[in-house]
1. So if each residue of separation counts as 0.36 nm, and I subtract the Cα-Cα distance between Asp293 and Ile82, what length gain in nm does that give?
2. With the Cα gyration tensor of region 78-174 giving a ≥ b ≥ c as the square roots of its eigenvalues, does the rule (a/c under 1.5 for rounded; else a/b larger than b/c for prolate; else oblate) give rounded, prolate or oblate?
3. Could you work out the local net charge near Asn239, counting Lys and Arg as +1, Asp and Glu as -1, over the other residues with Cβ closer than 13 Å to its Cβ?
4. Can you list the HN-Hα couplings for region 93-110, worked out from phi with the Karplus curve (6.51, -1.76, 1.60; θ = phi - 60°), rounded to whole Hz and with x for Gly and Pro?
Amino acid sequence: MSPRDPKNESRSFKSADPSASLPPHAPRAGAPIGPPPQGFGHSRKRMALEIGGVLLVLVLLVWGGIALVGGVASMVVGLMPISVDQTIGEATWNQMVPAEKRCTDPAALAYVQAVAAPLVEAYEGEHTFTFAVIDAPEVNAFALPGGFIAVHSGLLEKAESGEEVAAVLAHEIHHVTERHGLRRIAGQLGLFAAIGAVLGAVDLGSMTGIAVSLAGNAYSRDQESEADALGHALLVKANIDPAGMATFFDRLAASSPGVPAMLSTHPGSDERATLARERGGLDGAPRTLPTPDGVRCR
Ligand SMILES: [Zn+2]
């Protein structure tokens, strides 16, 4: 949950610059011939990996055909280090969730963090998560690449149990872990910029711009279904009653005219509630979560 240092991350991208992997100049006449500078062997290995990555991408391109460039670019995401998600996510987060948009009562963030804690604990993977509560009346939440998750205060008002809030958070956590945002960005960027990102030459400005422009759009049907299914599994793993997912979708379905794009995605809320019920519940007694009743934003 700690904030990341963007300076360190930009340094790590610089080190992936292919020009940094070139062998040193030949020694001057009379200069002692010694072992190559430290890290040279590592750089050669890295260059081989990068060339391998490019070859793999080219194979994918031939295999997929030009018409599938967007899809291939999305597949390239699997070759990108998690630091790409974090760098783009942090820059987007700073634009979309500035301090003046957040709830000023610390109880709101403390509540979301308390509900998220068992989910984050149950999650096994390399992502870390940062949460915020935005002062906004819509029933909404969204995730940015790299583990940044924002909840609108309107969602805390609408939800009737901690399990419903946990269901939304579990869903958003899996948009992060499955890198759904980065896949959409890669698809928009096109193949060659995505290859640049694989090689560490991240065009942060254009990727962040796309991330901000995409943030108001719905994910694909497959991405929503995947986040629902994995979110349900994470709730069960965290010993949280997953029935909250179904009851929250019931609530969304009942008020769908007012539901914003980020949550009113296909499949429809009623269909998602049915699927959530079909996935079943917990065998034992669930963990008790605090309710959002009375959690103030300001
Ligand atoms: Zn979603």
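1. On the way: separation 211, 0.36 × 211 = 75.96 nm, distance 3.61 nm.
Working it through step by step, the gained length comes to 72.3 nm.
2. On the way: a/c = 2.10, a/b = 1.32, b/c = 1.60.
Here region 78-174 falls in the oblate category.
3. Values: positive: Lys237, Arg287; negative: Glu121, Glu163, Asp241, Asp283.
That sum, taken over residues with Cβ under 13 Å, equals -2.
4. Taking θ as phi minus 60°, the curve returns 4, 5, 7, 8, 10, x, 3, 5, 8, 8, 4, 8, 6, x, 5, 5, 5, 4 Hz for region 93-110.
Each reported figure results from applying straightforward, stated rules to the coordinates on display, with no laboratory input. What you see is a predicted model; the values in this text were computed from it and never measured. Reconstructed Cβ throughout: ideal geometry from the backbone, glycine too, with neighbour counts over all protein chains shown.
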